[in-house]
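The values are calculated or read from the model by the stated rules, or taken from the named source; none is laboratory data. Since the structure is predicted, the reported quantities are computational estimates derived from the model, not experimental observations. Here the Cβ positions follow ideal geometry from the backbone for every residue, glycine too, while neighbour counts run over all protein chains shown. Side chains included, ligands, DNA and RNA excluded: accessible areas come from the protein's heavy atoms. Shrake-Rupley method; radii C 1.70, N 1.55, O 1.52, S 1.80 Å.
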Amino acid sequence: MSGPYASPRSGTSGPAVTLPTLRKLRQAGQPIVCLTAYDASFAAILDHVGIDLVLVGDTLGMVVQGHASTIPVTVDHMVYHTTLVARALKRAWLVADLPFLSYSDPSQALASAGRLLQEGGAKMVKLEGHAGQAAIVEALATNGIPVCAHLGLRPQSEYKIGGFRAAGRSQAEAEKVCEDARRLEDAGADLLLLECVPSLLAAEITRAAHVPVIGIGAGASVDGQILVLYDILGLSQSIRPRFVENFLTGGRSIAEAVAAYAEAVRNRSYPEPRHGFES
Ligand code: KIV
């Protein structure tokens, strides 16, 4: 394989993924493969298979803890699960979610993010953001903390927005998501993550961005894809969103299913148009 990697992107022998690696993958047009993990055993499989970015998502509240939303997740929970995952990773870039109400102002965000990096071993934090939170992103970025801004459907605001629904489908909403992306990138976000936005809008934001853009239910024209690990293994009990694909089929092992997902993202057979949203 040519491009940013001297060795194949599988096995744990390759160089550790860094922010410059992710930027080079975007520049080279090579899809960035991302998945969530919440413990050391699964994280070791993801790392071995060559997943580029592992997210300890606050979805752990739903898929691990059995809650109906991500709202009950605390910084302590996130730190604990991040330490488990960090212990197993040798190559992948590790991102941890800032949970609900842990980043209401810059000083609280710095304290929460500091714990995720110093105690948890994360290399980047993700927050569910909008333009009004630019000062929080700026405070984290100027203190040397890499930030991923999660835009579009923001599950931590589900009560405010009336449930888990796609974002940016009306002209006004689409302009708002574009503006949020621009403002948070200007404030110092190093990655953008778009959840459940129309594929054309995601393509437009990706073209305008100067940082890698990762999508979930955001179509194929972004720089990388992320899914919840338990969803690609067919484990999640809740309603199956349209972008979810079960890769644990045909007698595959878990490692083979994760590898099949990685291969599908890299050869662009996932996502298909049916996995995305229209305006
Ligand atoms: O918490 C999470 O797992 C996430 C993914 C859905 C991207 O934010």
Next item on the list: Quote the charge dipole size of region 19-275 about the Cα centre in Debye, to the nearest 20; the model charges only the Cβ of Lys and Arg (+1) and of Asp and Glu (-1).
Entry: 440 debye
Next item on the list: Only Cα pairs under 8 Å and at least 6 apart count here; give the relative contact order of region 204-279 as a rounded whole percent.
Entry: 30 percent
Next item on the list: Could you tell me the convex hull volume per residue, in Å³, taken over the Cα atoms of region 230-279?
Entry: 83 Å³
Notebook entry, point to check: Rounded to whole Å and sorted largest first, what semi-axes of the equivalent ellipsoid does the C-alpha gyration tensor of the chain yield via the square root of 5 times each eigenvalue?
Noted result: 24, 22, 20
Check: How about region 161-208: which trypsin sites (Lys or Arg not before Pro) there lie in a loop by DSSP and see at most 13 other Cβ atoms within 10 Å?
Finding: R165
Note to self: Per residue, how large is the accessible surface of the chain? Use a 1.4 angstrom probe and give square angstrom.
What the structure shows: 42 Å²
Next item on the list: Please report the relative contact order for region 127-279, taking Cα pairs under 8 Å with a sequence separation of at least 6, and give it as a percent rounded to a whole number.
Entry: 20 percent
Checklist line | Dipole of region 19-275, positive end: most advanced residue of P146, Y80, Q30 [Cβ charges, Cα centre] | finding: Q30
Notebook entry, point to check: Do any trypsin sites (Lys or Arg not before Pro) in region 213-279 lie in a loop, going by DSSP, with at most 15 other beta-carbon atoms within 10 Å of their beta carbon, and if so which?
Noted result: R242, R252, R268
Notebook entry, point to check: When the Kirkwood radius is taken over all Cα pairs of region 14-169, what Stokes-Einstein diffusion coefficient follows at 37 °C and 0.692 mPa s, in µm²/s?
Noted result: 206 µm²/s
Check: Between P241, P31, P146, which gets the highest mean-square fluctuation from a Gaussian network model of the chain, Cα cutoff 10 Å?
Finding: P241
Notebook entry, point to check: Taking the Cα atoms of region 42-117 alone, what are Rg (to one decimal) and Dmax (as a whole number) in Å?
Noted result: 12.8, 38
Check: If you rank H275, H210 by how much accessible surface each has, with a 1.4 Å probe, what is the order from largest down?
Finding: H210, H275
Margin query: Report the gain in length on full extension from A172 to S157: 0.36 nm times residue separation, minus Cα-Cα distance, nm rounded to one decimal.
Written below: 3.5 nm
Margin query: How high is the relative contact order of the chain? Use alpha-carbon pairs under 8 Å, at least six apart in sequence, and give a whole percent.
Written below: 17 percent
Notebook entry, point to check: Around V75, what is the net charge, scoring Lys/Arg as +1 and Asp/Glu as -1 over all other residues with Cβ under 12 Å from its Cβ?
Noted result: -3
Notebook entry, point to check: Quick one: if the Förster radius is 30 Å, what FRET efficiency do E256 and F164 give, using the C-beta to C-beta distance and rounding to 0.05?
Noted result: 0.50
Item checked: Centre separation in Å (Cα based) which lies between region 90-107 and region 72-88 -> 10 Å
